[in-house]
1. Regarding the stretch 135-154, can at least one residue be identified that is modelled with pLDDT under 90, in a helix (DSSP H, G or I) and small (Gly, Ala, Ser)?
2. Write out, first by first residue and then by second, each pair whose Cβ atoms fall under 8 Å of each other, whose residues are 6+ apart or on separate chains, and whose first residue, in the stretch 218-234, is under 17 Å from Lys15 (Cβ atoms) and touching a residue at least 24 places away in the same chain (Cβ under 8 Å) while the second is within 14 Å of ligand 2 (Cβ to nearest atom) and part of a loop (DSSP other than H, G, I, E, B).
3. Of the conditions (1) part of a helix (DSSP H, G or I); (2) away from ligand 1 (no atom under 12 Å from the Cβ); (3) closer than 13 Å to Ala182 by Cα, Asp251 fails just one. Which one is it?
4. Output the residue which, of all residues in the stretch 217-229 that are in contact with a helix residue (DSSP H, G or I) (Cβ under 8 Å, 6 or more places away or on another chain) and part of a helix (DSSP H, G or I), is farthest from ligand 1 (Cβ to nearest atom).
5. Which one is surrounded by the most Cβ atoms within 10 Å (Cβ to Cβ) among residues in the stretch 92-120 that are assigned to a loop (DSSP other than H, G, I, E, B) and touching a strand residue (DSSP E or B) at 6+ places or on another chain (Cβ under 9 Å)?
6. Against the definition (at pLDDT 95 or above and either more than 16 Å from ligand 1 (Cβ to nearest atom) or among the acidic types (Asp, Glu) (or both)), how does Gln74 come out, yes or no?
7. From the list Val82, Val99, which one is under 28 Å from Arg174 (Cα atoms), of a type in the set (A, V, I, L, M) and at pLDDT 95 or above?
8. From the set of residues in the stretch 1-10 that are more than 11 Å from ligand 2 (Cβ to nearest atom) and of a type in the set (A, V, I, L, M), which is modelled with the lowest pLDDT?
Amino acid sequence: MRTIAVMNQKGGVGKTTTSVNLAAALARAGKRVCVIDMDPQGHASFHLGLECGPGVATVYDVFAGEADVDQVRQLVGQNISVIPSNIDLAAAEVELANVGGREFLLRNAMKHWRDNNKLDYVIMDCPPSLGVLTINALCAVTEVLIPLQPHFFALQGLSKLFETTALVTRRLNRDLCVSGVALCLYESGTRLAADVTEDLRHFLTSSDSDTPWADARIFRTRVRRNIKLAEAPSFGQSIFDYAPTCPGAKDYAELGREVLAMEDSLSDTGETPAQAA
Ligand code: ADP
Ligand code: MG
């Protein structure tokens with residue numbers, strides 16, 4: 001089971017779009033995928049066709065210890081399921097503040113999946129903050145995927161993000177690493193996008209080898225700005241169902257292939273994806 005947190009503390013950079021459409025791409029390739037919506041805004045749930053009003057079981061119930069992960073997981077298509085979220089989850093940040101072991105609630109809840117080989121991929125759509133929900137995601141995964149919108153301040157936020165993963169790696173989850181940065185909302189042909197990409201490359205290659213991002217790649221796929229990607233959520237469909245031939249669908253299919261190809265390199269290190277999880 002590969003476990004990937006899609007994370008960036010900035011909003012509007014493509015986390016949810018990437019979580020949903022990458023998950024859909026992997027499901028289409030035959031992988032059993034679950035998206036965990038870790039954002040109280042519930043955008044990923046909505047994007048995958050779920051309306052989570054009051055009374056619907058969500059990931060909040062898992063944090064509250066009132067449900068296990070399979071009780072709240074809903075199938076939304078072939079090979080793809082979601083653990084939804086709604087605004088109830090916002091309370092978790094406060095309610096968990098004094099709970100011992102709060103960082104590991106999600107990790108413990110997912111143990112059952114690991115033991116039973118239930119899923120191939122778990123993708124977590126993180127909220128735009130570095131609070132207890134994001135920390136839970138980082139403690140429950142081995143990989144972080146960072147969507148980045150290439151603009152002038154993009155790299156500033158990134159160092160904070162990297163420090164947080166380093167902290168989690170040191171104190172809470174030594175198996176965690178940043179596996180890659182996906183450039184989203186990409187404006188091909190602009191000087192700025194090329195410059196930011198170059199700066200990012202320089203930052204990654206000049207980092208120490210003991211940082212959790214030492215092996216991070218910049219995915220070759222550039223997810224171009226494409227209006228269909230912005231329209232799909234309101235229809236509750238992934239891009240492959242909404243507009244299967246648009247550039248957005250091509251880009252996420254390509255990103256999916258890159259993520260799948262990493263399975264080979266994970267095995268190269270003697271670590272099968274199953275063990276890595
Ligand atoms: P985040 O989850 O990081 O806040 P979203 O994935 O919700 O970001 O994206 C922010 C907004 O930009 C949404 O309205 C989304 O539909 C839109 N969007 C994301 N990626 C693209 C893209 N490649 N092209 C066009 N619109 C996009
Ligand atoms: Mg989002």
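The values are calculated or read from the model by the stated rules, or taken from the named source; none is laboratory data. Just so it is clear, the model here is predicted, and its values are computed rather than measured. Cβ coordinates were reconstructed from backbone atoms using ideal geometry, including for glycine residues, and neighbour counts include every protein chain displayed.
1. Within the stretch 135-154, one or more residues are modelled with pLDDT under 90, in a helix (DSSP H, G or I) and small (Gly, Ala, Ser).
2. Val223/Gly14
3. So the condition that Asp251 fails would be (2).
4. Lys228
5. Filtering the stretch 92-120 down to residues assigned to a loop (DSSP other than H, G, I, E, B) leaves 96-101, 110, 117-120.
Narrowing the set further to residues that are touching a strand residue (DSSP E or B) at 6+ places or on another chain (Cβ under 9 Å) leaves 110, 118-120.
Details: Met110: 23, Lys118: 17, Leu119: 21, Asp120: 21.
Across the stretch 92-120, the extreme among qualifying residues is Met110.
6. Details: at pLDDT 95 or above: yes; either more than 16 Å from ligand 1 (Cβ to nearest atom) or among the acidic types (Asp, Glu) (or both): yes.
Criteria met by Gln74.
7. Values: Val99 fails: at pLDDT 95 or above.
Exactly one residue qualifies, and that residue is Val82.
8. From the stretch 1-10, those more than 11 Å from ligand 2 (Cβ to nearest atom) are 1-5, 9; that's our starting set.
Within this subset, residues satisfying the condition of being of a type in the set (A, V, I, L, M) are 1, 4-5.
Numbers: Met1: 95, Ile4: 98, Ala5: 98.
The qualifying residue modelled with the lowest pLDDT is Met1.
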